[in-house]
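Taking it in order: structure first as C-alpha cells, then the write-up.
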Amino acid sequence: MTGLSQHLQRIEASPTTAMTDRATQLREEGRDIISLSVGEPDFATPPHVIEAAKAAMDAGATKYTPVTGTMALKKAACLHFERDLGIATGPSRVIVSAGGKQALFEAIVATVSEGDEVIVPSPWWVSYPQMVRFAGGSVVPLRTHASRNFRFDPGDVEALIGPRTNWLMLNSPGNPTGAVYPADMLLGIGEVIRRHPGVMVLSDDIYAPLNYSDGPHATLANLCPDLADRICTVSGVSKSHAMTGFRIGVATGPKWLIDAMGTLQSNSSGNPAAVSQAAAVAAFEGPQQFLAEWREIFRRRRDMVVAGINAIPGLSTPVPDGAFYCFIDASPHMTKNGGRFGDDKALALHLLDHGVAVVAASAFGGKDGFRISFATGEDVLAEAIRRIETALA
Ligand code: PMP
Ligand code: GLU
C-alpha cells in the first residue's frame, strides 16, 4: 500500500519550526513580523569557528568522514563533556550527529519498542513526544507547574514508573520553561532511578552554558557516576556557540547504546557534515570566555522580557532560570475565563496578525498560553512586547 507508514501517522511537523517557517514566509511577502518562535541565538557564530570551517574546506575536508564523527571531534567532545559537564567519557562512548535533535531521535528510536513507556516532563520540547510516538512508545506526561518553576520532585517520577518504562527524559536548563534542576533535586532523581534498574535517563544538556541560577551546571551523569551506564547525555554547539546551521550535536552514554545509535546513523544520514565537524572542534577547543558574556546578555534580556510580559494584563510568567524562553500563561484571555480567544492557537494567530510570531503552549503539552524566545536584541524584544500589549488590549 502506498501512503504514510503507521510510524509517520503518529507524528506531525515540528510546531516550532512550522511557525518559524510561516514567519519567514510572511516576511518574504513583505509583512513586518518579529519572530520569537524559534530558539536560536541571534549572535554571529564566533570568528574562530568560521575560520576553522574555511580552513577545513581549503584543506579538503569535503569527503565522507567516519559515520559517527571524526576522532578529532570525538576527542574534543570528550573534553567538552569533562570540562563543562563533569562527565568522564571516551571516544568509543561518544557519537557525533547532525544536531542534538538527531542524537535524541536515535537514542529513542534505537531503544523504544511498541508498548514501551517514556516519562516526559511537561511542558516539553515539541520533538520529545513525537520521537517516542514515532518509535511506537507511549508518552507518560510528568506534569509540572509554573507555581513550582516547572520542576518536578523526585517522588513525582517514582509514581509514574511501571514495568514498561524505559526512559525518563530530563532537560535542564529546559525548553520551553527555562526550568533548571539543582544538584540536590538531581541526586533525589538519581536515587529513584537506582531503585528501578530497567529505567534509563536521557539527559538533554544542550542549554548547559545558559544557566542563570547560582552555582555551576548540575547533571545526573556527573552527580551519580554509578548510574553512568544508564544515562545518555546529549549536548552540542547549536545553542551555546550560535551554530544552529552547522548541525552538530554530540552524545555520550553506554557503549551498546552509542553503537546502536551509530547503526541507525550509518543507514540514514551517514556522517555529519565534514566541514561542520571541523568547526565544532574549534568551538569545543577554542576560547570559551565569550560564553559568560553571552550569558550576561541573555540574563539582561530575560529580566527585561519577564518584567515587560508580567506588566501586560492577563499575562504572567515565572522567571526562567536558564535557556532563552519564557513560557507565558494567558489563561485570563481565554473565552472560558471571560476572554476573547477560544484556545491558545487562536491567540498565537492573533499575535501573528499583530506582527509577532510565538508558539502556542499546546505545542509543548501545555495550555492557555504561549512560548517566546528571547534570543534576540533588546530593541526587537521591546517592540515585540509593545505589539503583544497592543494586540491584547
Ligand atoms: N534539545 C532541545 C531542548 C532543544 O531546544 C533543541 C533545539 N532545537 C535541541 C535539543 C536540538 O538542537 P540542535 O538539533 O539544533 O542541535
Ligand atoms: N529548539 C528550538 C526551538 O524549540 C529550535 C527549533 C526546533 O528544532 O524545534 O525553537
Exercise. Taking the convex hull of the alpha carbon atoms in segment 198-238, what volume per residue do you get, in Å³?
Worked result: 74 Å³
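Full extension from Asp343 to Ser269: what is 0.36 nm times the residue separation minus their Cα-Cα distance, to one decimal in nm?
Taking 0.36 nm per residue and subtracting the Cα distance, the gain is 22.8 nm.
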For this session: Give me the Debye-computed log₁₀ of I(q)/I(0) at q = 0.12, 0.27 Å⁻¹ for segment 220-297, equal point scatterers on Cα only, no solvent, two decimals.
Result: -0.46, -1.20
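Of the listed peptides 220-229, 24-33, what is their order by residue-averaged count of other C-beta atoms within 10 Å, with the highest listed first?
Taking the mean over residues of other Cβ atoms within 10 Å, the ranking is 220-229, 24-33.
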For this session: Determine the gain in length on full extension of the stretch Arg299-Glu114; use 0.36 nm per residue of separation and subtract their C-alpha separation, reporting nm with one decimal.
Result: 62.4 nm
For this session: Quick one: grab the alpha carbon gyration tensor of segment 157-269, order the square roots of its eigenvalues as a ≥ b ≥ c, and give me rounded if a/c is under 1.5, else prolate or oblate depending on whether a/b is larger than b/c.
Result: oblate
Exercise. Are there any helices in the chain, counted as whole DSSP H runs, that stretch 27 Å or more along their axis by Cα and score at least -0.5 on average by Kyte-Doolittle, and if so which?
Worked result: 289-310
Seminar exercise, completed: So the FRET efficiency between Glu158 and Arg22, C-beta based with R0 = 30 Å and rounded to 0.05, is 0.15
Problem set entry | Computed magnitude of the charge dipole of the chain (debye, nearest 20; Cβ of K, R +1, Cβ of D, E -1) | 400 debye
Exercise. Which whole-angstrom value gives the distance between the alpha carbon centres of segment 230-253 and segment 129-195?
Worked result: 20 Å
For this session: In whole Å, largest first, what are the principal axis extents of the Cα atoms in the chain?
Result: 57, 55, 53
Seminar exercise, completed: Honestly segment 96-178 on the Cα gyration tensor test (a ≥ b ≥ c root eigenvalues; a/c under 1.5 rounded, otherwise a/b vs b/c for prolate or oblate) is just oblate
Exercise. Within the set Lys74/Lys239; Lys74/Lys101; Lys101/Lys367; Lys63/Lys255; Lys54/Lys101, which residue pairs have Cα atoms separated by over 22 Å?
Worked result: Lys101/Lys367; Lys63/Lys255; Lys54/Lys101
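Taking 0.36 nm per residue of separation and subtracting the Cα-Cα distance, what length does fully extending Lys336 through Ala292 add?
That works out to 11.4 nm of additional length.
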Exercise. Points 7 angstrom from Cα along the Cβ direction at Arg83 and Glu29: gap in nanometres?
Worked result: 4.7 nm
Seminar exercise, completed: CD proxy, 222 nm, the chain: helix-only mean residue ellipticity via -39,500 (n - 2.57) per DSSP H run with n ≥ 4, per residue, nearest 500, stands at -12500 deg cm²/dmol
Problem set entry | GNM result for the chain, Cα springs below 10 Å: residue of Thr244, Thr68, Thr17 fluctuating most strongly | Thr17
Problem set entry | For segment 164-175, 3J(HN,Hα) per residue [Karplus equation, 6.51 cos²θ - 1.76 cosθ + 1.60, θ = phi - 60°, Hz, x = Gly/Pro] | 9, 6, 10, 9, 10, 8, 10, 9, 9, x, x, 10
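Each value in this text was obtained by applying a stated rule to the coordinates, not by laboratory testing. This is a predicted model, so every value here is computed, not measured. Backbone-built Cβ (ideal geometry, glycine too); neighbour counts: all protein chains shown.
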